[in-house]
Amino acid sequence: MLAQFKHLRRVVITGMGCVTPIGIGREAFWSALQRGESGVRRIESFDVSNSPVKIAAYVRDFDWQSQLGPKDRKHVPRTVPLALAAAREAFQDAGIAPTDLSLEERQQIGVVLGTGGGGLPFVEDHYAIWYQGGSHSKASVYIIPAATHGTLSSELSMAFGLRGLSHVISTGCTSSTDAIHYAAEHVALGRQEVMIAGGVDAPLAPGILAGFNLLTVLTTDWNDEPHRASRPFTRNRSGMVLGEGSWIYVLEEFERAKHRGAKIYAEIIGYGSTCDAYHRVRLQEGGDEPARAMTLAMNDAGIDPSEIDYVNLHGTSTVLNDRIETNALKIALNCDSHRIPMSATKSQVGHPQGASGAAGLAAALCAMQTGVIPPTINLDEPDPDCDLDYVPIEARDAKVRTALCNCIGFGSKNSALVVRRV
């Protein structure tokens, strides 16, 4: 099976694209991240007057139509233009123009996306057409492929003419962390020269919101002050805030990147993943398996906790998850857990579901490139059970060479990445 395998190749990130609730484009996202801006606001895309939750973190002023040809706009979910916009920026940032590449070169570029909900809001729109007496002419003839998670990556492959593998990873909230590792592994093994990888989700729709309301995991306390709603590790946190967005990267082999003079953000050096095997949505008390995922990632990277300069946290803002994640960090990082600065990107962009890990990686790269660790906003009243250094309220200057990005998902899944500046 690995007849062509000789040795592992180093994998680096050379391009990055972002479409987020706090800014469209990498620089806009980083700037807002460092300023501690919140992307949470009242939902305006559908009626929430009868919903206990009226807020979410969503992308404003996004010209989604410009990402698609006129004939395609009716046939794809919102995740497609979000991913296309981020991928275009990532390619441009990496200095790669797919249209200028030969067929052989495009055969060596693959796509791996992580998503939790994929096209579910698109499906929900079509149920409304079919079951509420709407004209079937409003429906897309491509509703079945558009509703299938696996075709999401194909939209990018087709848009850029990429002939390498085209896969989607859907493992809940860890989807994009797992996708980035999966992509990196293919480059490391020499199976692909370049990979487009990251995460995208857009889970904002009436039925999806109603389902989350049934789970009682969303905060209902901050509808009148949306910017204060997402508050990880704070004493009076009361639940997460739904979010959306797309964070996409160009991954390539180190020597190839160096040879063509590419800007290198970081090297992907470690990954670990475990499962609590405990519950559909809840974490098991203690945090042993999230801790083991982080430990596996550090072991894979060949480092110990003393070499970690920053941790990007999952930080959902739920009472249970934040407490358990804190304990997991103490287990994994041991005596270094109180030394290492950490922050929760979800305090600013909400919970973008399967795109969470990719969003956290963007924050870690921001810290590496700018020397500024983004804050955990709204942490105005620390929880005694959450007593680590979460860089509260304001960003902090710090030199970050090695970062650990932690992710925890539905179904008891845990995944972690380690990245390092080259």
>> Please determine whether any residue of the stretch 199-213 is over 22 Å from residue 53 (Cβ atoms), out of contact with any helix residue (DSSP H, G or I) (no Cβ under 6 Å at 6 or more places or on another chain) and part of a strand (DSSP E or B).
In response: no
> Across the stretch 357-384, what is the number of residues that are in a helix (DSSP H, G or I), within 14 Å of residue 421 (Cβ to Cβ) and not hydroxyl-bearing (Ser, Thr, Tyr)?
Replying inline: 7
> List pairs: first in the stretch 294-318 and in the same structural domain as residue 398 (by TED's automatic domain parsing) and among the hydrophobic types (A, V, I, L, M, F, W, C), second part of a loop (DSSP other than H, G, I, E, B) and buried (at least 23 other Cβ atoms within 10 Å of the Cβ), Cβ under 6 Å, 6+ apart or cross-chain?
Replying inline: 313/344
>> For residue 311, only one of the following conditions fails: (1) within 22 Å of residue 371 (Cβ to Cβ); (2) in a loop (DSSP other than H, G, I, E, B). What is its number?
In response: (2)
>> I'm told residue 251 meets every condition in (1) within 18 Å of the chain's Cα centre (by Cα); (2) in the same structural domain as residue 380 (by TED's automatic domain parsing) except one. Can you identify the failing condition by its number?
In response: (2)
> Are there any pairs, at least 6 apart or on different chains, whose C-beta atoms fall under 7 Å, with the first in the stretch 91-107 and farther than 18 Å from residue 263 by Cα and the second in a helix (DSSP H, G or I) and modelled with pLDDT of 95 or more, and if so, which?
Replying inline: 106/98
>> Considering only residues that are surrounded by fewer than 18 Cβ atoms within 10 Å (Cβ to Cβ) and either β-branched (Val, Ile, Thr) or in contact (Cβ under 8 Å) with a residue 40 or more places away in the chain (or both), which ones fall in the stretch 213-227?
In response: 213, 215, 216, 220, 223, 227
>> Could you tell me how many of the residues in the stretch 123-146 are part of a helix (DSSP H, G or I), of a type in the set (Gly, Ala, Ser) and modelled with pLDDT under 90?
In response: 2
>> The conditions are (1) more than 17 Å from the chain's Cα centre (by Cα); (2) within 24 Å of residue 363 (Cα to Cα), and residue 49 fails exactly one of them. Which is it?
In response: (2)
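The values are calculated or read from the model by the stated rules, or taken from the named source; none is laboratory data. As the structure is a computational prediction, the values presented were derived from the model and not from experiment. Reconstructed Cβ throughout: ideal geometry from the backbone, glycine too, with neighbour counts over all protein chains shown.
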